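Heads up, the thing below is written out as structure tokens.
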Amino acid sequence: MWRKSSFSSNGGDCVEVRADLSALRDSKNPAAPTLPADVRRLIDHLKQA
């Protein structure tokens, strides 16, 4: 399952995050390869900045 921000526009220019926070993908091209990412760690880092 993938999640898109509720703040995103209907234009589809968004990044989606996998529900388990382990990957990102381009919402315009969901069939394309995904980017493995530790989204939890990224969020923690941004909160500290």
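Nothing in this text is a laboratory measurement; each read-out follows from the coordinates by a stated rule. In this text, all values refer to a predicted model and were calculated from it rather than measured experimentally. We place every Cβ from the backbone using ideal geometry, glycine too, and count neighbours over all the protein chains shown.
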ask   = Residue-wise, which Karplus ³J(HN,Hα) couplings in Hz belong to segment 37-49, taking 6.51 cos²θ - 1.76 cosθ + 1.60, θ = phi - 60°, and x for glycine or proline?
value = 7, 9, 5, 4, 5, 4, 4, 4, 5, 5, 5, 7, 6
key: Whole-Å semi-axes of the ellipsoid equivalent to the chain (Cα gyration tensor, √5λ, descending)   = 20, 14, 8
key: Longest site-free stretch - the chain; sites: trypsin sites (Lys or Arg not before Pro), DSSP loop, at most 14 other Cβ within 10 Å   = 5-27
